[in-house]
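In what follows, a structure is listed as structure tokens, so that the remarks can point back to it.
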Amino acid sequence: MPDLASAIQAALAERFGERLEIDADLQGLEEITRIAAHRVHRHYLPRSVSPELMRLLCACALSAPSKSDLQQADILLVRKKENIHAIADLLPEMPWLREAPVFLFFLANGRRLEKISMKRGKPFPNDHLDLFFNATIDAAIVLTTLLRAAEAVGLGCCPISVIRDHASTISKMLALPEKVIPIAGMCLGWPAEKGSITPRLSLHSTVHEEHFVETDFGEIDAYDRRRAAIRPYRNQRDPERFGRHEFYGWSEDKARQYAVPLRTDFGTFVRAKGFNLD
Ligand SMILES: Cc1cc2nc3c(=O)[nH]c(=O)nc-3n(C[C@H](O)[C@H](O)[C@H](O)COP(=O)(O)O)c2cc1C
């Protein structure tokens, strides 16, 4: 499969600025090609996604590994236009929500296990941070697996964490009970455009061998330059506060993004939903 191997090589070179050696005889290269070429999609065709296909995607997503087989992740599908619009109205800065024929929520469900323990007449001494953490990780893995399955059939997705800016409102909208929280949402539909690869930090920065190596700012600078050559930022964030830079790269953008307090009430929301974070 030399074509697939070179497609993977090209995608990962664009992503990481590195030429990887790929054995063209490896099995599963089609799947690897899709993973390597991943990109989010934020524009969708006005074409519906059938309930049968959504069922298949949910089944694949929930086939993902689950911590201790505890199965603490759920998916909540929103397909009615008026309900998608009600969510989109909360996030006018993200007009792609309104276009999506399906919106999903990935839920960390710390409730079912506690209920099962009660029903089985057992104590539940594990109501602490680990319960929240396990359920959140399971939900994140389910999100990723759904994205993978959706991309395999040609659908486009965009995870949406900004729903957590409106966690209480959304929780009421969806009738989420105690110990069930949305970790993220996701727009899903047939992509209206091809999209493009987002370069990532070099593997040298993010893959550690045997022991942790501290961030090398030379690598970050190099990444800023490599990324700007392919995907320059169209706008500089908060120029009134931080000024305009002649060169504006990823690290400047992320430092500016995190110079503003974000979702500082999220812990309060999670605790109010009954999770014990100690
Ligand atoms: C957990 C999670 C939350 C995200 N939340 C949002 C969001 O609220 N709005 C949005 O437009 N994109 C969101 N994204 C998409 C990221 O911005 C996107 O993955 C990133 O820019 C890299 O692009 P790529 O996935 O095409 O490589 C989210 C992605 C993840 C994994």
| message | Among Pro159, Pro199, Pro125, which one shows the highest mean-square fluctuation when the chain is modelled as a Gaussian network with alpha-carbon springs under 10 Å? | response | Pro125
| remark: Probe 1.4 Å, heavy atoms of protein chains only: per residue, the accessible area of the chain in Å² is 58
| By Kyte-Doolittle mean hydropathy of at least -1.0 and Cα axial length of at least 27 Å, which whole DSSP H helices of the chain are selected? | 129-152
| message | At 222 nm, what value in deg cm²/dmol follows for the chain if DSSP H runs of at least 4 each add -39500 (n - 2.57) and the sum is divided by all its residues, to the nearest 500? | response | -13000 deg cm²/dmol
| query | If you wrap a convex hull around the C-alpha atoms of region 74-208 and split its volume per residue, what is the figure in Å³? | reply | 161
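Peptides 111-118, 149-156: what's the order by average Cβ count within 10 Å, highest mean first?
Going by the mean number of other Cβ atoms within 10 Å, highest first, we get 149-156, 111-118.
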| request: Starting from the Cα coordinates of the chain, work out the convex hull volume and express it per residue in Å³. | output: 184
| remark: Checking rank on 165-176, 208-219, with mean other Cβ inside 10 Å and highest first, the result is 165-176, 208-219
| note | Along principal axes, largest first, the alpha-carbon spread of region 1-144 in whole Å comes out as 59, 38, 30
| message | How much length would be gained if the chain were fully extended between Asp3 and Leu53, taking 0.36 nm per residue of separation minus their Cα-Cα distance, in nm to one decimal? | response | 15.1 nm
| query | So which of Lys80/Lys194; Lys115/Lys273; Lys194/Lys254 end up more than 19 Å apart, counting from Cα to Cα? | reply | Lys80/Lys194; Lys194/Lys254
| note | Lys254 and His211 label points (each 7 Å along its Cα→Cβ direction) are spaced in nm at 2.4
| query | Quick one: what does P(r) look like for region 127-278 with 5 Å bins over all Cα pairs, in whole %? | reply | 2, 7, 11, 12, 15, 18, 17, 12, 5, 1, 0
| note | With Rg from the Cα atoms and Rh as the Kirkwood inverse mean 1/r over Cα pairs, region 1-64 has an Rg/Rh of 1.10
| note | The aspartates and glutamates whose Cα lies under 19 Å from the Cα of Lys81, excluding any fewer than 8 residues away in the same chain, are Glu52, Asp89, Glu93, Glu99
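The values are calculated or read from the model by the stated rules, or taken from the named source; none is laboratory data. These numbers come from a predicted model, not from an experiment. FYI the Cβ positions are ideal-geometry reconstructions off the backbone, even for glycines, and counts take in every protein chain you see. For the accessible areas, the whole protein counts, side chains as well, though only heavy atoms, and no ligand, DNA or RNA atoms are used. Shrake-Rupley method; radii C 1.70, N 1.55, O 1.52, S 1.80 Å.
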